[in-house]
Amino acid sequence: MPPTDTAPEAPTPEESEDAAAPAEGVSTEKKGARKEDGDGAAAALPHGDAPGIRFEKVVKRFGSNVVLRELDFAVEPGERVTLIGPSGSGKTTILRLLMTLEKLDDGVIWIGDDTLWHMDKGGRRVPANQKHLHEMRKQVGMVFQQFNLFPNMNVLRNLTEGPVRVLGASKDEAVERARGLLDMVGLADKENAHPSQLSGGQQQRVAIARALAMQPKVLLLDEVTSALDPELVVGVQDLLRDIARESDLTMLCVTHEMNFARDISNRVLMFDQGQIVEEGPPDRIFGEPAEQRTREFLQAVLAS
Amino acid sequence: MQWDWNYTWDILPDLLRGLRTTVLATIFGYLIALVLGMVWTLLRRSPSRVFNGAVRWVTEFIRSTPLIPQLFFVYYVLPAWGLTIGPLTAGIITLGIHYSTYTAEVYRAGIADIPRGQWEACTALNLPRSRVWLDVVLPQAIRRVIPTLGNYLIAMFKDSPQLLVIQVTEMLLAAYKAGTESYHMLEPITLVGVLFIIVSVISSILVRRLERRYATN
Ligand SMILES: Nc1ncnc2c1ncn2[C@@H]1O[C@H](COP(=O)(O)OP(=O)(O)OP(=O)(O)O)[C@@H](O)[C@H]1O
Ligand SMILES: [Mg+2]
């Protein structure tokens with residue numbers, strides 16, 4: 001069922017199916033850069049028909065604290081968007097709503113042409129039940145700041161648990177795919193290690209592989225390098241750059257690393273108090289920000 | 001009063017038989033406590049508030065009443081409703097139910113200790129509820145609570161002489177019977193103390209070893 005109220009840059013579902021024509025601001029280099037031969041890292045990555053995301057008048061409150069006030073924004077299919085903004089501006093909340101870790105208070109969130117938090121019942125839009133949420137979540141993966149690997153399982157099991165239990169993959173299939181992903185993240189020799197035996201950077205790379213093992217079409221990254229020792233940041237960022245370059249994933253990323261944001265994203269959204277202050281290609285937002293609040297924020301980040 | 005070694009050796013087999021009963025009651029009661037405690041904990045997580053309240057009230061009630069009236073209730077009152085069981089079985093069941101309210105609390109705390117990020121990772125991976133519990137939450141929670149559960153095993157062992165009020169011939173009652181026959185209480189009662197200490201010390205060492213093993217991970 002097509003959405004009614006449309007934000008200017010938002011695709012209608014019909015348009016979003018036509019992912020071959022990138023919308024304004026979406027880089028075209030992605031398709032060209034993808035490896036043709038299909039082996040190596042790219043083979044392990046999800047490809048094809050990533051959905052767009054759209055927030056319509058989304059409201060999120062914590063008690064009396066209104067964090068998102070009728071927020072509208074959209075992400076194109078296959079687009080990679082970075083959210084920046086001061087602490088407490090609601091960036092994490094946006095990702096957590098998409099991962100269904102927080103409940104939506106009002107408004108509608110679209111993933112592709114389906115609503116995340118609502119379902120259709122006899123032509124009426126009603127709150128989603130567990131089954132609907134389960135189906136919708138299959139499209140979305142998330143990597144957390146604190147990794148959140150399962151400490152009671154070894155690395156391989158961390159990667160196969162979801163595919164076997166949720167996607168119904170056979171043990172052998174899941175193991176094979178997991179090994180491919182571990183190879184891609186450079187940890188092929190660690191499949192029997194437990195998370196506690198790995199460095200932070202290694203744990204985060206396993207967490208990225210675990211998220212990808214579920215073959216999501218949307219990948220959410222919430223400050224995935226900010227819990228890491230400085231010398232481990234680059235390895236994880238390089239990995240994510242490769243993934244961004246070689247996959248078709250729609251990516252939504254929160255980061256304080258502006259160089260990383262510049263490399264990885266097609267578009268940057270500057271948030272403050274749950275509202276978009278300004279948006280545009282990274283070069284413009286970082287090079288010549290139009291808004292005073294963006295300039296102040298960037299200065300503060302650079303100074304730190 | 002003189003310590004009589006011959007008499008001591010005479011009554012030792014009876015006391016050891018009593019000890020066997022004590023240990024059996026403890027082990028089987030403990031198994032009931034481990035399983036039933038988990039049942040309480042899971043029941044208390046049901047979505048119904050009324051139901052949770054009821055479960056909580058029942059477990060609080062059992063925990064805050066002494067073991068002896070509970071033993072009397074199971075052994076003497078239940079048969080009036082047609083449920084007759086032998087003294088040892090009644091003792092084991094009562095010990096198990098009584099201690100299940102403690103293990104439930106231990107499990108609850110162990111589950112509450114699991115970082116929120118673990119639950120969130122389960123949601124992000126879309127794991128079904130059964131898998132969240134069986135593969136992620138319980139293995140981690142049980143690991144954390146093994147030392148505390150071990151301490152309850154020792155506590156239960158020390159509570160088991162109370163089973164004598166329903167005529168379970170555990171070690172203390174065996175000693176008492178021997179003593180009243182011969183009018184010599186010193187030897188049997190001292191032996192009970194010694195045997196209790198031996199078993200307690202051995203189990204403390206085992207529990208501490210468990211503690212160390214699981215604390216380092
Ligand atoms: N579980 C919660 N309970 C209550 N308030 C919350 C909760 N989670 C977030 N908030 C509040 O919502 C607001 C937005 O938080 P959010 O974590 O989305 O900010 P953020 O932009 O990610 O900030 P940061 O850059 O510090 O990570 C903050 O005011 C925060 O205090
Ligand atoms: Mg945040």
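Of all residues in segment A:100-146, which are within 16 Å of ligand 2 (Cβ to nearest atom) and open to solvent by less than 20 Å² (accessible area, probe 1.4 Å)?
Residues satisfying the conditions are A:Met142, A:Val143, A:Phe144.
For segment A:249-295: of the residues being surrounded by fewer than 18 Cβ atoms within 10 Å (Cβ to Cβ) and touching a residue at least 60 places away in the same chain (Cβ under 8 Å), which is nearest to ligand 1 (Cβ to nearest atom)?
So the residue we want is A:His256.
Those residues that are touching a helix residue (DSSP H, G or I) at 6+ places or on another chain (Cβ under 8 Å), facing chain A (nearest Cβ under 9 Å) and open to solvent by 30 Å² or more (accessible area, probe 1.4 Å), I need them from segment B:127-162; list them, please.
Across segment B:127-162, the qualifying residues are B:Pro128, B:Arg131, B:Arg143.
Report whether or not A:Thr225 is within 16 Å of ligand 1 (Cβ to nearest atom), open to solvent by less than 40 Å² (accessible area, probe 1.4 Å) and more than 26 Å from A:Ala290 (Cβ to Cβ).
yes
For a quick check of your reading of the model, give me the residue pairs whose first member lies in segment A:81-110 and is under 16 Å from A:Arg137 (Cα atoms) and among the basic types (Lys, Arg), whose second is more than 11 Å from ligand 2 (Cβ to nearest atom) and part of a loop (DSSP other than H, G, I, E, B), with beta-carbon atoms closer than 6 Å and at least 6 apart or on different chains.
A:Arg96/A:Glu102
Checking the conditions here, which among A:Ala188, A:Ala213 is without any contact (Cβ under 8 Å) to a residue 40 or more places away in the chain and either in contact with a helix residue (DSSP H, G or I) (Cβ under 7 Å, 6 or more places away or on another chain) or β-branched (Val, Ile, Thr) (or both)? Walk me through how you get there before you give the answer.
On the way: A:Ala213 fails: without any contact (Cβ under 8 Å) to a residue 40 or more places away in the chain.
Of A:Ala188, A:Ala213, the one residue that is without any contact (Cβ under 8 Å) to a residue 40 or more places away in the chain and either in contact with a helix residue (DSSP H, G or I) (Cβ under 7 Å, 6 or more places away or on another chain) or β-branched (Val, Ile, Thr) (or both) is A:Ala188.
Kindly indicate which of B:Ile85, B:Ile92 is surrounded by 13 or more Cβ atoms within 10 Å (Cβ to Cβ), within 10 Å of the chain's Cα centre (by Cα) and β-branched (Val, Ile, Thr).
Every option except B:Ile92 fails the conditions.
Would you mind finding the one in A:Ala74, A:Ala41 that is at pLDDT below 95 and farther than 24 Å from A:Asp272 by Cα?
On inspection, the qualifying residue turns out to be A:Ala41.
Out of the residues in segment B:108-125 that are in contact (Cβ under 8 Å) with a residue 24 or more places away in the chain and open to solvent by less than 20 Å² (accessible area, probe 1.4 Å), state the one that is nearest to the other protein chains (Cβ to nearest Cβ). First the steps, then the outcome.
Within segment B:108-125, the subset in contact (Cβ under 8 Å) with a residue 24 or more places away in the chain is B:108-111, B:113-114.
From what's left, open to solvent by less than 20 Å² (accessible area, probe 1.4 Å): B:110-111, B:114.
On the way: B:Gly110: 13, B:Ile111: 14, B:Ile114: 10 Å.
The qualifying residue nearest to the other protein chains (Cβ to nearest Cβ) is B:Ile114.
Are any residues in segment B:169-198 at pLDDT below 90, of a type in the set (Val, Ile, Thr) and surrounded by 14 or more Cβ atoms within 10 Å (Cβ to Cβ), and if so, which ones?
The one that is at pLDDT below 90, of a type in the set (Val, Ile, Thr) and surrounded by 14 or more Cβ atoms within 10 Å (Cβ to Cβ): B:Thr169.
The values are calculated or read from the model by the stated rules, or taken from the named source; none is laboratory data. Because the structure is a prediction, the values reported are computed rather than measured. Methodologically, a virtual Cβ is constructed for each residue, glycine included, from the backbone with ideal geometry; neighbour enumeration extends over all protein chains shown. Quick note on the areas: whole protein, heavy atoms, side chains included, nothing else; ligands and nucleic acids left out. Shrake-Rupley method; radii C 1.70, N 1.55, O 1.52, S 1.80 Å.
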